[in-house]
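Shown next, in structure tokens, is the structure this report addresses.
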Amino acid sequence: MAIAIFLAFVGLVLGLSFYLGAKTKSASGYFAAGGQIHWAVNGVAFAGDYLSAASFLGICGMIATAGYDGFLYSIGYLAGWIVALFVVAEPMKRLGKYTFTDALDAKFNSRGIKLFAAISTLVVSVFYLIPQMVGAGVLVEPLLGIPHSWGVIMVGAIVITIVATAGMTSTTYVQFIKGGMLVVFSLIVTAAVLYRGLSTQPDQGGRVPFYEYRTLGAIEAKGQLFTEDKAYSVAGSQSVKGETYVKLEKDGVATWWLRSDKDGKVYLKETQYEAKKADGSSVVNGLPASKDNVLRQNGGLESIKGKSGPEADTGPVGPFEFLSILGDPETRVNTWKIVKFSDGDDKVVVYAPSVKPGNRIMRPGLKFKVEGTPLQKLDFVSLMLALFLGTAALPHILIRYYTVPSPACARKSTIVAIAAIGFFYVLTMYMGLGAVVNAVLNPVTDNMSAPLLARSFGTFLFAIISAIAFATVLGTVSGLIIAASGAVAHDLMDRYLQVGFNEKQKVRAGKIAAFVVGIIAIILGIIFKGMNVSFLVGLAFAVAASANLPSIIMILFWKRTTAKGIAASIVTGMVSAVGIIMFSPSMYDKFGLDPATAPFPLDNPGIVSIPLSFIVLVLVSLMTQKKEQAPVQAQA
Amino acid sequence: MLHEPAAECGPDASAEYKQRIGVWMFLFYAAIYAAFVAINLLRPLWMEKEIMFGLNLAVVYGFGLIGLALVMALIYNTMCGTHEADNKPAGEGK
């Protein structure tokens with residue numbers, strides 16, 4: 001049934017695209033939906049565009065694994081709309097035609113701005129596309145039982161079809177439907193979480209038996225370790241980052257246990273693990289990996305306000321009570337840490353238990369070390385800055401200002417977007433925490449937390465949520481590819497190279513560009529498999545905020561801004577942000593290098609690249625005042 | 001070659017007013033957002049303190065930032081709409 005519902009939804013989306021595509025003939029229709037979308041529809045479509053895989057899959061996943069730190073993304077993403085509404089919305093609408101390059105270039109008619117703003121649009125769009133494609137692969141893998149890479153290819157193919165057939169009109173209505181459904185069904189999942197309540201023995205409504213991880217007593221004598229349970233024998237141990245992992249064997253099955261010493265006694269806590277053998281085969285928890293032998297779902301509560309067992313069950317709880325219980329220091333949440341080491345020829349990955357008190361889960365600090373070193377604190381500030389300033393600089397968001405008839409409609413649609421997006425972000429807190437308390441988490445990737453939570457309430461909800469999540473990816477990727485194709489066909493080819501397209505040729509060039517960008521997105525989506533999609537989107541925000549926002553702000557508020565200043569600012573912001581990301585600890589880790597050796601110690605570049613871009617714009621503008629004519633007035 | 005917007009926009013007598021109040025409202029919100037970041041960095045344990053309905057400061061402040069954005073957006077829209085209605089070009093009526 002799940003697959004049938006899923007396919008029906010995708011079919012509906014494609015059908016709508018073909019229907020609307022048949023009506024789209026002009027460049028204005030393809031790139032800006034003719035500028036005739038109603039502001040309320042556009043506002044919900046904004047939400048559809050914005051609530052991408054990062055919001056639905058990534059934020060819920062990060063809240064599930066890192067608690068409140070994941071919610072920081074919700075706060076930052078929503079706050080960014082304030083910049084969009086108060087500063088950018090109406091001026092962008094007045095100045096532009098199809099793309100944000102139009103708006104930047106409206107005063108100057110500069111080839112440099114056309115070139116660099118178009119490249120910036122492409123770079124930001126591609127950065128934003130990566131997490132969407134990663135999310136698509138993650139989503140399709142368990143639903144249709146196909147490998148991650150095929151999931152990515154499938155999404156790429158569908159989106160290219162959508163974009164190549166219809167353009168902005170179909171994308172808008174797909175986003176409208178999807179945005180509305182996403183909010184409604186997220187509310188349903190949240191209500192279900194609250195109705196089920198909290199338990200220290202979650203069994204997913206009776207669907208999956210509760211698994212209690214065991215703890216064994218052990219004795220150390222003459223440097224050797226022995227378990228009190230004689231059925232087990234110690235077969236080895238590994239020390240990693242100050243902790244000891246002990247390999248036990250029972251009936252020929254090897255398992256890894258985390259050692260802890262307390263009051264002179266030794267305890268071994270059961271973990272999960274998977275090992276890659278030299279011959280390429282895999283072992284999960286001591287047995288060959290198979291469809292039936294996979295890692296167990298993680299999470300759950302060890303205690304609820306100090307109680308455990310059946311008497312700790314709360315029954316239905318209210319929305320405030322739910323958060324209050326989870327924030328209690330006596331509530332203990334099961335999380336896990338991932339440890340990698342070699343055991344002979346085997347490459348072992350252990351998922352070891354790590355229990356956290358509720359008060360630590362419900363405030364920042366688990367992922368972003370707000371109590372850490374000055375550099376770690378700076379990284380946190382850098383992230384929050386990029387999230388705040390990134391929204392108003394995202395090309396696929398900015399182009400939506402050209403789909404409505406007037407600046408007032410641009411403003412109103414932004415407010416509708418804030419209402420829908422803000423409400424959804426409040427729900428992410430409940431869905432993310434709901435995933436962890438119901439112990440539905442996939443220990444390998446946190447991106448599937450929300451759909452897996454939905455599955456704990458039955459196949460129907462799982463299918464609907466998965467289909468919406470898939471449509472989320474489809475819609476956002478469609479918007480991004482249209483933004484990218486507009487940058488190529490309209491900004492680069494038509495306006496920078498002055499190829500002299502007529503309307504039909506411009507649309508065709510846009511479709512070809514959409515195809516090429518779609519292929520690039522597919523390749524990158526396969527390469528970046530496994531990274532949290534919200535983290536990746538955070539990087540896209542940083543690139544957008546660095547490359548685009550300084551120009552947008554300064555062109556609106558500083559009369560001495562020059563074309564060369566804008567061009568230099570875009571290049572500086574883009575190169576510095578992308579460069580810093582490439583040399584960051586996270587990327588070093590991703591590419592198998594030691595993160596400690598990364599030349600740039602922060603993961604988030606915004607704190608450096610955004611001010612740098614502003615400074616370069618001011619300096620170059622001041623230096624080129626005499627060489628340029630006073631800026632002409634904007635047409636509109 | 002300059003170019004025209006996708007949909008024609010007439011002159012907007014309220015543009016300067018809207019920009020001015022937009023900037024002030026942006027600065028107000030940015031200050032509250034910055035205070036949230038600063039508390040997390042300088043006094044992270046404050047975020048654990050219970051404020052109301054059993055909720056800690058982190059949750060109240062986080063939800064508050066989201067709610068405040070919507071409230072300010074509605075106020076902004078009302079102010080802009082009122083000014084636009086009062087300053088429509090002659091002939092369009094009020």
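The values are calculated or read from the model by the stated rules, or taken from the named source; none is laboratory data. Please read all numbers here as calculations on a predicted model, not as lab measurements. Note that each Cβ is placed from the backbone with ideal geometry, even for glycine, and that neighbours are counted across all protein chains shown. Heavy atoms of the whole protein, side chains included, go into the accessibility calculation; ligands, DNA and RNA do not. Shrake-Rupley method; radii C 1.70, N 1.55, O 1.52, S 1.80 Å.
A few notes on this one:
- Members of the stretch A:231-251 that are closer than 18 Å to A:P353 by Cβ, touching a residue at least 40 places away in the same chain (Cβ under 8 Å) and not hydrophobic (A, V, I, L, M, F, W, C): A:Q238, A:K241, A:E243, A:Y245, A:K247
- Test: residue in the stretch A:309-327 that is in a strand (DSSP E or B) and surrounded by fewer than 19 Cβ atoms within 10 Å (Cβ to Cβ): no
- Residue satisfying all of: in the stretch B:2-22; open to solvent by 30 Å² or more (accessible area, probe 1.4 Å) and more than 7 Å from chain A (Cβ to nearest Cβ); modelled with the lowest pLDDT among these: B:E8
- Boolean, A:A33 is more than 14 Å from chain B (Cβ to nearest Cβ), at pLDDT below 75 and buried (at least 24 other Cβ atoms within 10 Å of the Cβ): no
- If only residues of the stretch A:401-419 that are modelled with pLDDT of 80 or more and open to solvent by less than 20 Å² (accessible area, probe 1.4 Å) are counted, the one that is nearest to B:G81 (Cα to Cα) is A:R411.
- First in the stretch A:266-290 and surrounded by 14 or more Cβ atoms within 10 Å (Cβ to Cβ), second anywhere and among the aromatic types (F, W, Y) and part of a loop (DSSP other than H, G, I, E, B), Cβ under 7 Å, 6 or more apart: A:K269/A:Y213; A:E270/A:Y213
- The residue that is surrounded by the fewest Cβ atoms within 10 Å (Cβ to Cβ), among those in the stretch A:574-609 that are among the aromatic types (F, W, Y) and either modelled with pLDDT of 85 or more or assigned by TED's automatic domain parsing to the domain that holds A:V339 (or both), is A:F583.
- Residue count for the stretch A:96-107, restricted to those that are within 8 Å of another protein chain (Cβ to nearest Cβ) and either in a helix (DSSP H, G or I) or in contact with a helix residue (DSSP H, G or I) (Cβ under 6 Å, 6 or more places away or on another chain) (or both): 4
- Looking only at the stretch A:78-95, residues that are at the interface with chain B (Cβ under 7 Å from one of its Cβ atoms) and aliphatic (A, V, I, L, M) come to 6 in all.
- Among residues of the stretch A:341-390 being free of Cβ contacts under 8 Å to residues at least 40 places away in the same chain and open to solvent by 40 Å² or more (accessible area, probe 1.4 Å), the one that is farthest from B:K49 (Cα to Cα) is A:G344.
- The residues of the stretch B:36-48 that are facing chain A (nearest Cβ under 7 Å) and surrounded by 20 or more Cβ atoms within 10 Å (Cβ to Cβ), listed by number, are B:V37, B:N40, B:M47.
- Selection from the stretch A:298-308 of residues that are open to solvent by 30 Å² or more (accessible area, probe 1.4 Å), touching a strand residue (DSSP E or B) at 6+ places or on another chain (Cβ under 7 Å) and part of a strand (DSSP E or B): A:E302
- Within the stretch A:252-265, considering residues that are over 19 Å from A:D346 (Cβ atoms) and touching a residue at least 12 places away in the same chain (Cβ under 8 Å), the one least open to solvent (accessible area, probe 1.4 Å): A:R259
- Criterion applied to A:L139, A:L144 was being open to solvent by 10 Å² or more (accessible area, probe 1.4 Å), in the same structural domain as A:P550 (by TED's automatic domain parsing) and not acidic (D, E), and the one residue passing it is A:L144.
- Within the stretch B:57-78, residues that are more than 7 Å from chain A (Cβ to nearest Cβ) reach partners that are of a type in the set (D, E, K, R) with beta carbons closer than 6 Å, at six or more positions or on different chains, in the pairs B:L57/B:K49.
- Of the criteria (1) in a helix (DSSP H, G or I); (2) open to solvent by 40 Å² or more (accessible area, probe 1.4 Å), which one B:I51 fails: (1)
- Exactly one residue out of A:K369, A:K356 is out of contact with any strand residue (DSSP E or B) (no Cβ under 6 Å at 6 or more places or on another chain) and among the charged types (D, E, K, R): that is A:K369.
Here is a yes/no grid of residues against (1) polar (S, T, N, Q); (2) crowded, with 19+ Cβ neighbours inside 10 Å:
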position	(1), (2)
A:T445	yes, yes
A:S449	yes, yes
A:G486	no, yes
A:K504	no, no
A:I512	no, no
A:V543	no, yes
A:P550	no, yes
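- Among the criteria (1) open to solvent by 20 Å² or more (accessible area, probe 1.4 Å); (2) out of contact with any Ser or Thr (no Cβ under 6 Å at 6 or more places or on another chain); (3) farther than 30 Å from A:T331 by Cβ, the one A:T215 does not fulfil is (3).
- Pairing each residue of the stretch A:211-223 that is within 11 Å of A:E270 (Cα to Cα) with any residue that is open to solvent by less than 80 Å² (accessible area, probe 1.4 Å) and β-branched (V, I, T), provided the two are 6+ apart or on different chains, yields C-beta distances under 7 Å for A:L216/A:T227.
- Condition met for A:F86 (outside any helix (DSSP H, G or I) and over 22 Å from the mean Cα position of the chain (by Cα)): no
- In this entry, A:K377 is excluded by the filter for residues that are under 20 Å from the mean Cα position of the chain (by Cα) and over 30 Å from A:L122 (Cβ atoms).
- In the stretch A:309-317, the condition of being free of Cβ contacts under 8 Å to residues at least 24 places away in the same chain, out of contact with any Asp or Glu (no Cβ under 7 Å at 6 or more places or on another chain), not small (G, A, S) and not assigned by TED's automatic domain parsing to the domain that holds A:N604 is met by at least one residue.
- Test: residue in the stretch A:237-249 that is open to solvent by 50 Å² or more (accessible area, probe 1.4 Å), more than 30 Å from A:I63 (Cα to Cα), part of a strand (DSSP E or B) and among the polar types (S, T, N, Q): yes
- Exclusive hit being in a loop (DSSP other than H, G, I, E, B) and closer than 30 Å to A:I610 by Cβ, set A:L378, A:L295, A:L366, A:L383: A:L366
- A Cβ distance below 7 Å, combined with a sequence gap of six or more or placement on separate chains, defines the contacts here; from the stretch A:55-75, residues that are within 11 Å of chain B (Cβ to nearest Cβ) reach residues that are buried (at least 24 other Cβ atoms within 10 Å of the Cβ) and of a type in the set (D, E, K, R) in the pairs A:Y68/A:R363.
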